[in-house]
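The values are calculated or read from the model by the stated rules, or taken from the named source; none is laboratory data. This structure is a prediction, so every number in the text was calculated from the model and none was measured. Note that each Cβ is placed from the backbone with ideal geometry, even for glycine, and that neighbours are counted across all protein chains shown. We work out accessible area using only protein heavy atoms, side chains counted, and drop any ligands, DNA or RNA first. Shrake-Rupley method; radii C 1.70, N 1.55, O 1.52, S 1.80 Å.
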Amino acid sequence: MGLGLLTSRTLKSSRILHSQYSRFRPIVTKPKLQSPDASSAAAAAPQPETTPSPPKKPVGGARIHFTNPDDVIEVFVDGFPVKIPKGMTVLQACEIAGVDIPRFCYHSRLSIAGNCRMCLVEVEKSPKPVASCAMPALPGMKIKTDTPLAKKAREGVMEFLLMNHPLDCPICDQGGECDLQDQSMAFGSDRGRFTEMKRSVVDKNLGPLVKTVMTRCIQCTRCVRFATEVAGVQDLGMLGRGSGEEIGTYVEKLMTSELSGNVIDICPVGALTSKPFAFKARNWELKGTETIDVTDAVGSNIRIDSRGPEVMRILPRLNEDINEEWISDKTRFCYDGLKRQRLNDPMIRGADGRFKAVSWRDALAVVAEVALHVKPEEIVGIAGQLSDAESMMALKDLLNRMGSNNVWCEGTGTNPSADLRYRYLMNSSIAGLEKADVFLLVGTQPRYEAAMINARIRKTVRASNAKVGYIGPPADFNYDYQHLGVGPKTLLEIAEGRHSFCSAILNAKNPAIIVGSGLFEREDKDAIFYAAETIAKNGNVIRPDWNGFNVLLLSAAQAAALDLGLVPESSSSIESAKFLYIMGADDVNLDKVPADAFVVYQGHHGDRSVYRANVILPSAAYSEKEGTYENTEGRTQQTLPAVPTVGDARDDWKIIRALSEVSRICLPYDTLLSLRSRMRTVAPNLLHVDEIEPATFGPSLSIDCTQEINLTPFKAAVENFYMTNSVTRASKIMAQCSAMLLKE
C-alpha cells in the first residue's frame, strides 16, 4: 500500500510540474532560419558543387502552347531554365517546371486575389518574399522555392491561418481531402504559439445543398469569386474588417445558382461542404468510378463515389472540352433518386388492376404472346431520354423484325429530320462557343436546359464582351442580353433583314445561332429551322473555318437516337397503337393511346408511364450499366457501372434480346461487343469514343420550305430545372430544391 501511495503522489507532482511549465513552450528553430540576413549570409558562403537533379514533370500534366515564338521568355526555377509565354505568373512558371507551390486563394479559373500569402517564394534581387500567384514572370527571373526564407514565410502564414481554426478534423466532412490538412503537414510547424481565445462565426443558411461551418473559413474568397464570375450571382461577399471579417450574404438570402454546389469543391477547407452528404461517409471508404452524366445533353464528366450497393456522392471530372471542372446541381445531387421508387421485379397487372410480381420467364412470355397477335402497323416503340445507344439499337431491330417502323425517342418530335446531322447537333462544339462574338438564342434557355453550356456563354461574354440576342419567353440569364422578341415574328424580321440585330450578326467575326430542341415539338418546326438557316446564310454563320449553326438538345438520348434512325413511319402511329413498348419514356403524352392497347413499360423507376402499363420490366439505371451516349455536340462517351443493379433488374438491351428469343425472332447478337458491331453498320461514329464526328453537309442541301410559320410565341422547354426525368423526380434533394429555391 505504501509503495502504491508513493507512486501516485509522484505521478501527481509530475503532472503539476508539467502543467506549470507547459505554459512556456519553447519554439525550437534552426539558427539559419532566425533571420533573412543569416540565410543570405549562409547562401553567400562557398558551398561544394552538387549535381543538379533532372528536370521534373509539369504539375498535373500541365501543357503550354506557344502561339507566337516572339512571346517566349525564359525564367529559372530552382536553377532550371523554363520557357513560358509572356503574361504567365511565377506560380504558373513553377508548375511548368514541376514544382508544386502551396496555395489557398489561387484557382486557375478564377481571378487572382493574392490574399492568403501561402504561395510566397523567393525571387533574386527582391527584398522580401513575393506572392507567386500575383507576380508576373519576367525574362531572366530567378525563382527559388525551397530556400530557408521561403520555408519560414510559409510556416508563418500557416501558423496565422491555424490561429483561429477550430480542431474539427475528426468530425469534419472535408477530413482526408482537405488542403489545409495537407499543407499544414507539409509546410506548417509542429506547434502553435497562440494562447488566446479563438474567434467563432455564425453559420449561414445557403439552402438545401451547401452546409456551412463558417468558423473554419480562412477568407480565401474562392466562393465569392466563383459566385460572381462563373455562376453569375451576387449572393456571396466579404463582410467586416480585421478579426471580424467573414463571408456571407448581404441579406438573409439563399444561394439560388444552378451551379452552387461547385463551391463545395473549390473550398480548400471544411467551411463549405455538401449538406446531403454530411456525416454519411469518409472519402477513403468510397470507391470512385469515372463515368458521365445523362441528366442533360451535355454529357458532363463525373466520378461516382459509392460504398457497397449505394451511390454516396457525385463529383466532377476535368474535361476542358465539355464541362471544364464544374457540374450543375442537378448532376451533383440527384443521386439519391437512384435508390427511391425503383422497380425491382417484373410485374403483370392483374384483373383487379393491381400489379403482381412474376418471374422473368412469365413476364416475357406474356409480352411475346400479345406482340405476335398484333398487326405490324399497330406496334409502336418509344425510347426514353435516358436510353443508351445499345438499347435503342436493340429496340429498333426488334420492332423492325416484327414488321414495324414506328419507333422514336421522346423529345425528338413525331416527324424529326434525321437525314441532315447539322440540324440536331451543336456544330461549333461546346468549347468552340468561346470563339463566338455574337449569339442568337432562338427558343432556348441554356441556363435551365444545359447549365454547363450557359456557363460557357457567360465565360465568353465576360472575356470578349460578346453580344447575346434572345428570342423566347421572358427569362433570367446571368449575363447581359437583348430580349428581341417572344416568338417567330422576330425571327422572320431578322431573316428578312428588317431587325436592328441584323447589323450585329453581319458585323460579327464568328456569329453563333443556337436553336432550342424544344422547337422539335412544334408543327411548324421546318419553317422555323428554314428561317434560322436563312439567317445563317445571310450572316456568314457557316464558313469553311467556322460553323456557328447550333442546335441545343435537351436529353442524353436524342443525338444517338437520330443517328440510329429512330424516326416514326407515321406521325399519328400512337393513336392507332395496339401494342406500345415504352423504354423509359416518362415524359411522352399517353392520353391518345387507345384504351384497349397493351402497354409494356421497361424502365428503372416507377414514374408517370408506369400507371398505364400492363407489364413492367425492371431495367438498370445509368449508374449500373455500361452504355454509349452521344452528347449535343456529337461526342460519343460511355458510362461505366458503379454499383450493382437493384433487385432482379437487367440491362435494357439484354431484356430486349431475351424478349426476341421468346418471340422466336432472335436478334443476331448476345454480347455487348456484337451489339456494337451491329451499331457500326448503322452509325459508325457511335463507336469512336471521345471523338466528335462533324456534320458533313450544311444548309446548302436543304430545300426551300413552303410551310407557313405559326406566330404563336415560343414556350419554355424546361419548366422546373430540378425535375426533368425519372431520376430527378424521385430525388428527395431535388424536391427540396424545387420547393425552396424556385420560390426565391
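General remarks:
- Count - residues of region 296-339 that are acidic (D, E) and out of contact with any strand residue (DSSP E or B) (no Cβ under 9 Å at 6 or more places or on another chain): 4
- Of note, K151 satisfies the criterion of being basic (K, R), surrounded by fewer than 19 Cβ atoms within 10 Å (Cβ to Cβ) and either under 27 Å from G79 (Cα atoms) or at pLDDT 95 or above (or both).
- Every condition in (1) assigned to a strand (DSSP E or B); (2) aliphatic (A, V, I, L, M); (3) within 27 Å of E324 (Cα to Cα) is met by V121 except one, and the failing one is (3).
- Cβ pairs under 6 Å, 6+ apart, first in region 531-549 and closer than 12 Å to G497 by Cα, second of a type in the set (A, V, I, L, M) and exposed (fewer than 15 other Cβ atoms within 10 Å of the Cβ): G539/L506
- Filtered residue count, region 197-244, keeping only those that are open to solvent by 70 Å² or more (accessible area, probe 1.4 Å), at pLDDT 90 or above and among the charged types (D, E, K, R): 2
- Any hit, region 60-67, residues being under 29 Å from the mean Cα position of the chain (by Cα), under 18 Å from I266 (Cβ atoms) and either assigned by TED's automatic domain parsing to the domain that holds G156 or in a loop (DSSP other than H, G, I, E, B) (or both): yes
- Whether a residue is touching a Gly at 6+ places or on another chain (Cβ under 6 Å) and surrounded by fewer than 21 Cβ atoms within 10 Å (Cβ to Cβ) was assessed, and E661 does not pass this test.
Residues are listed down the side, and each one gets a yes or a no for (1) crowded, with 24+ Cβ neighbours inside 10 Å; (2) closer than 25 Å to V298 by Cβ:
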residue: M392; (1), (2): yes, yes
residue: D397; (1), (2): no, no
residue: N400; (1), (2): no, no
residue: N405; (1), (2): no, no
residue: C409; (1), (2): yes, yes
residue: T412; (1), (2): yes, yes
residue: N415; (1), (2): no, no
residue: N427; (1), (2): yes, yes
residue: E434; (1), (2): no, yes
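- Residues satisfying the stated conditions in region 129-173, i.e. out of contact with any Cys (no Cβ under 8 Å at 6 or more places or on another chain), assigned to a loop (DSSP other than H, G, I, E, B) and under 22 Å from A97 (Cβ atoms): P129, A134, M135, A137, L138, P139, G140, M141, D146, T147
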